[in-house]
Every structure is written in structure tokens, then in C-alpha cells.
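As C-alpha cells, the structure follows; a few thoughts come after it.
Readers should treat all values here as calculations from the given coordinates under stated rules, not as data from a laboratory. All values derive from a computational prediction rather than experimental measurement. With ideal geometry, Cβ positions are generated from the backbone for all residues, glycine too; neighbour counts draw on all protein chains shown.
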Amino acid sequence: MSDEPVRGRNLGVADKPCAACPWRISNHGRPHPDGWYDADNLARLWDGLRTGEAPGMTCHPTDPQNPAPTGRPDAKADDGADFYECTGAHTVRQVEIRTLESSKNYADYVQRTQKPAMTREGLFTYIMDTQTAGAGAHLLGLTATVIHDVTEFADQVGR
């Protein structure tokens, strides 16, 4: 039997990022005993999201499987608690989708984005995960160009 805490229901994406969200600009650079808000950690988190290697993030304070911050054992979610997806992680990927949507094609998006671009696999993973969660491509506001680019990638990898 595993000692890992049990998660309750996934409540999806909350209406706004939580106060502890590493994607909130107001938290960037803020001291944290575990380095949540430093540039290296943000780059690590973004790299996982943009490539699809970390297809998503949970809202740290609400997820019983996330460890409590150093020195704050009281800040850990209770075993069995319902949890949220990270609204900030969802939002930064939505910004990238919007940038891609207003681009001529994927190559144009890569040139236009302000940070390392989402890979085609990362975009495909995010779109498919969002569809599976019930949002669907039409609710993401995806244009035919975006859907074509991602579908073309999916065809290349045999999905």
C-alpha cells in the first residue's frame, strides 16, 4: 500500500490563479524557501508545459499529493481533498494559443512569441487534454490554421 496522499475530485480550472501561483507576475522573484518564484524554477515549469512533458500542473495549495512548502507543514492540503488544475499554467498556455492563432503558421508563432515557444507536441498535448476535459477546440477559439498545424503534427507522429 502506498503512503502517497489520496486526491479527491479534480475540480478543473479555477476562475483565477491562487495567491501562491508561480505564474502570477506579483510572485516573480519573491523569496520562497523552496525557490518557487525564482527564474530557474519558472523556466523549469515552462519547459515541462511547453514541450508537453508535464502536460499540466495542479494548484499546489489544493493538491494533497504536493508537498508542503519548507517550514509550513500547515500549508499542505488534507488527504482526500478535492483539487484544482493550476489556473496560471492554463492561462500561460492560452496566451500561447492566442499568439499562435494570430500567426500565419507555426514558424511565424515561434518568431513572435516572447519566450521559448510551445513545441508542436506541447500544443497537441494541451489541446487534446483540454478537449478531453470537455472544453473542445471550438471553446479554445482555435482557428482552422491552428487546428491544421496541430493535426499535421499529430499525423506525423501517428496519433
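Only one of ALA54, ALA89, ALA77, ALA81 is touching a Leu at 6+ places or on another chain (Cβ under 8 Å), assigned to a loop (DSSP other than H, G, I, E, B) and surrounded by 14 or more Cβ atoms within 10 Å (Cβ to Cβ). Can you tell me which?
ALA54
For segment 1-51, which residues satisfy the criterion of being basic (Lys, Arg) and part of a loop (DSSP other than H, G, I, E, B)?
ARG7, ARG9, LYS16, ARG24, ARG30
Quick one: is ALA107 among the hydrophobic types (A, V, I, L, M, F, W, C) and surrounded by fewer than 14 Cβ atoms within 10 Å (Cβ to Cβ)?
Judged against the criteria, ALA107 is a match.
Which one of these does GLY71 not meet: (1) on the phi > 0 side of the Ramachandran plot; (2) in contact (Cβ under 8 Å) with a residue 40 or more places away in the chain?
It is condition (2) that GLY71 fails.
Would you check if there is a residue in segment 92-99 being part of a loop (DSSP other than H, G, I, E, B) and within 30 Å of PRO33 (Cα to Cα)?
Within segment 92-99 (the criterion being part of a loop (DSSP other than H, G, I, E, B) and within 30 Å of PRO33 (Cα to Cα)), the answer is no, since none of the residues qualifies.
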